[in-house]
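Read through the structure below, which is laid out as structure tokens, and then see the notes.
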Amino acid sequence: QVQVVESGGGLVQAGGSLRLSCAASGSTFSINGIGWYRQAPGKQRELVASITSGGSTNYADSVKGRFTISRDNAKNTVYLQMNSLKPEDTAVYYCKVRYYTGLDYWGQGTQVTVSS
């Protein structure tokens, strides 16, 4: 059974940094890619950054140059380093693991709050 657990959220002042972690357990050998999404109150969930099994990355325009996604295959963990945080980055951040079968597994989310 697959489990996806996010951690690392919290409260930070504008301009500060946070690093989120997404740990996947279970059948991790057939993971195609992992993505970070976020959902602010009253808004739709949006893709923030993603990384494929081959290491290719993709970022939303709003976070390019500020956020970096990386993975540690030995630990089955993906990280999202968030620098120069802005109040508009405030949201619940979710990790999604996609398998080659097309199945997706979501974590429970972690709150990120950026104060001005």
**Message:** Please go through (1) open to solvent by less than 50 Å² (accessible area, probe 1.4 Å); (2) over 15 Å from Trp36 (Cα atoms); (3) small (Gly, Ala, Ser); (4) at pLDDT 95 or above for Gly109 and return the number of the only condition it doesn't satisfy.
**Reply:** (2)
**Prompt:** Out of all the residues in segment 75-96, which are touching a Ser or Thr at 6+ places or on another chain (Cβ under 8 Å), open to solvent by less than 10 Å² (accessible area, probe 1.4 Å) and more than 18 Å from Gly16 (Cα to Cα)?
**Reply:** Val78
**Asked** Which number in (1) without any contact (Cβ under 8 Å) to a residue 12 or more places away in the chain; (2) surrounded by 13 or more Cβ atoms within 10 Å (Cβ to Cβ) marks the one condition that Ser7 misses?
**Response** (1)
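Any idea which residue in segment 87-97 is modelled with the highest pLDDT, counting only those that are under 11 Å from the mean Cα position of the chain (by Cα) and of a type in the set (Val, Ile, Thr)? Break it down stepwise before answering.
First, pick out the residues of segment 87-97 that are under 11 Å from the mean Cα position of the chain (by Cα): 92-97.
Now narrow it down to the ones that are of a type in the set (Val, Ile, Thr): 92, 97.
On the way: Val92: 98, Val97: 93.
By that ranking, first place goes to Val92.
Just the residues that are aliphatic (A, V, I, L, M) and either open to solvent by 60 Å² or more (accessible area, probe 1.4 Å) or in contact with a Lys or Arg (Cβ under 9 Å, 6 or more places away or on another chain) (or both), please, taken from segment 10-20. Walk me through how you get there before you give the answer.
Just the residues of segment 10-20 that are aliphatic (A, V, I, L, M), to begin with: 11-12, 14, 18, 20.
Those that are aliphatic (A, V, I, L, M) and either open to solvent by 60 Å² or more (accessible area, probe 1.4 Å) or in contact with a Lys or Arg (Cβ under 9 Å, 6 or more places away or on another chain) (or both): Leu11, Ala14.
Just for strands (runs of 3 or more DSSP E) wholly inside segment 21-74: which have at least 1 residues that are at pLDDT below 95 and surrounded by 15 or more Cβ atoms within 10 Å (Cβ to Cβ)?
Details: elements: 31-39, 46-52, 57-59, 67-72.
Once the strands (runs of 3 or more DSSP E) in segment 21-74 are filtered for at least 1 residues that are at pLDDT below 95 and surrounded by 15 or more Cβ atoms within 10 Å (Cβ to Cβ), what remains is 31-39, 46-52, 67-72.
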**Request:** Can you give me the number of residues within segment 98-116 that are over 10 Å from the mean Cα position of the chain (by Cα) and assigned to a strand (DSSP E or B)?
**Result:** 10
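The values are calculated or read from the model by the stated rules, or taken from the named source; none is laboratory data. Given the structure is predicted, the values throughout are model-derived calculations rather than measurements. Note that we place each Cβ from the backbone using ideal geometry, even for glycine, and neighbour counts take in every protein chain shown. What goes into the accessible areas is simple: the full protein's heavy atoms, side chains included, and nothing from ligands, DNA or RNA. Shrake-Rupley method; radii C 1.70, N 1.55, O 1.52, S 1.80 Å.
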